[in-house]
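Working notes, structure below.
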Amino acid sequence: MGALQKVLVVDDGHRAIDRALSAELAELGYASVTASLEAADDVLAMMPRPAAVLLHVPPRDTGGAFRMLSERLREQMRGAGVPVIEVDAAGQQTGAPIDLQSRIGTRVLNEPEF
């Protein structure tokens, strides 16, 4: 059995239990690495190709920093086929884990890490 690929979760550093994407990903069987907005580029540089990048946008994205990072990462990751997914903390609803699984895809569970 191959190793699970990692999903990078970028958040604002506030990891309350009711907002923790890493916990939802673990329940779905995904490995994840959580980084702050400021550390996202450094973590990506050290990480083998992630299966996906999730940006956990805080309710108040002051200055649109998360949206700008999202646009830049989409452009950067497009060629590698890595999805960049924004998760809006204010709009999260029941059923979000299933939505995450469908948006990331089953490739995370089936493709070995190189």
If I stretch the segment between A39 and S102 completely, what's the gain in nm (0.36 nm per residue apart, minus their alpha carbon distance), one decimal? 20.0 nm
Could you check the simple spin-label distance between E75 and D88, using points 7 Å along Cα→Cβ, in nm with one decimal? 2.3
Expected output is a single nm value to one decimal: the length gained when fully extending between E27 and A65, i.e. 0.36 nm times separation in residues minus the C-alpha distance. What is it? 10.8 nm
Solvent exposure ordering (accessible area, 1.4 Å, most first) of M46, M68: M46, M68
I need the peptides 24-35, 75-86, 50-61 ranked by packing, meaning the mean over residues of other C-beta atoms within 10 angstrom, with the highest value on top. 50-61, 24-35, 75-86
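The values are calculated or read from the model by the stated rules, or taken from the named source; none is laboratory data. Just so we're clear, the structure is a prediction, and the values are computed from it rather than from any experiment. For neighbour counting, all protein chains shown are included, and Cβ atoms are generated from backbone atoms with ideal geometry for every residue, glycine included. The accessibility values were calculated without ligands, DNA or RNA, using every heavy atom of the protein model including side chains. Shrake-Rupley method; radii C 1.70, N 1.55, O 1.52, S 1.80 Å.
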